[in-house]
1. Convert each backbone phi in the range 61-68 into a coupling constant with the Karplus relation 6.51 cos²θ - 1.76 cosθ + 1.60 (shift: θ = phi - 60°), then list the ³J(HN,Hα) values in order as whole Hz, x for Gly and Pro.
2. Go through the range 11-18 residue by residue and turn each phi into a ³J(HN,Hα) via Karplus (6.51, -1.76, 1.60, θ = phi - 60°); whole Hz please, and just put x for glycine and proline.
3. Show log10 I(q)/I(0) for the range 11-84 at q = 0.15, 0.27 Å⁻¹, two decimals, from a solvent-free Debye sum over equal Cα scatterers.
4. Lys78: which lysines have alpha carbons under 17 Å from its alpha carbon, excluding same-chain residues fewer than 8 sequence positions away?
5. Per residue, what volume in Å³ does the Cα convex hull of the range 1-42 take up?
Amino acid sequence: MRIARDFGTVSSILPEGTSLTDAPYTFFEAVRSALLFLSFDELQEHERPPKRMWTKGEQLNDWFEMVKKRRKDDLDSKSGGIEDPVDNDARQMLLVE
C-alpha cells in the first residue's frame with residue numbers, strides 16, 4: 001500500500017486490466033482504510049491515534065476533534081493574542097486615510 005500511495009495509484013496492486021471500480025466493495029474498503037492508516041504516519045507522534053481505535057469511526061472522530069482543539073489552544077497560548085501595531089513611520093505609510 002505504501003508503494004500505491006507513493007505512486008498515487010492502486011493499479012500496481014490490482015490484477016492487470018482491472019481498475020479499483022471493478023474490485024469488490026470489501027477490497028475497496030480495505031484499500032481506503034490502509035491509505036487512511038498510512039496517513040497517520042504524517043502526524044506528529046503525540047497526535048497519532050492509538051491503533052485500538054483505528055477502525056472505530058466515532059472514536060477516531062473524537063480523537064481528531066481533540067487534536068484540533070489542542071492545536072488551537074497551543075496556537076492561542078503561544079501567540080498571546082494580537083497586539084497593537086507598532087507606531088512608527090513605516091506603519092503610517094501603510095495606512096490609507
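1. For the range 61-68, the Karplus curve yields 4, 4, 4, 6, 5, 5, 4, 4 Hz.
2. Computed from phi, the couplings for the range 11-18 are 4, 6, 9, 9, x, 4, x, 10 Hz.
3. The calculated log intensity ratios at q = 0.15, 0.27 Å⁻¹ are -0.69, -1.21.
4. Output for Lys78: Lys68, Lys69.
5. Working: hull volume 2.5 nm³, N = 42.
Taking the convex hull of the Cα positions in the range 1-42, it is 59 Å³ per residue.
Any read-out appearing in this document is the output of simple, stated calculations on the displayed coordinates, not a laboratory observation. Since this is a predicted model, take the numbers as computed values, not measurements.
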